[in-house]
Structures are given as C-alpha cells and as structure tokens.
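Here is the structure we will look at.
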Amino acid sequence: MAGAGHAAAADPRRAARTLLALADGLTTHVLVGHLSPREAYEVLHGHLAGLWGLPEPSAGA
C-alpha cells in the first residue's frame, strides 16, 4: 500500500519528467526573484521527500 497521496507504482519516466520540469521552473522563479534559493531548495526537497516516501522537512529546517 502506498503512503498517503502517493501512487503505489509511479511511472519512472513521468516522475523524471516532473522532476525536471519542477527544477526548471524553480530555476526561473529564483532568477526572476519570485523565490529565494532557499525557498526553491525547500520546494524541491519536499518533492523529493514525497517521491521517496519520507516526511516533508519543516520550513526553515
């Protein structure tokens, strides 16, 4: 059984494409000043934690 909100068997290609799109989007948001590098890191880390079934880190940790 998968964790809350996570697919039991994620499609690896789709997960890779999603991760690449997320990283590209976060890069743009940092470059134009919508997010700080730390905020972008926290978003990316939270997404990766979800992929690995780990609890998301608390903000500012």
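Could you tell me the accessible area of His45 in Å² (1.4 Å probe, neighbours in place), rounded to the nearest ten?
Rounded to the nearest 10, that gives 70 Å².
Run the quick spin-label model on Thr28 and Arg14: label points 7 Å from Cα toward the beta carbon, then report their separation in nm to one decimal.
Simple spin-label model gives 2.2 nm for this pair.
The values are calculated or read from the model by the stated rules, or taken from the named source; none is laboratory data. If you're wondering where the values come from, they're calculated on a predicted model, not measured in any experiment. Glycine gets a Cβ as well: all are built from the backbone with ideal geometry, and neighbour counts include every protein chain shown. These accessible areas exclude ligands, DNA and RNA; they are computed on the full protein's heavy atoms, side chains included. Shrake-Rupley method; radii C 1.70, N 1.55, O 1.52, S 1.80 Å.
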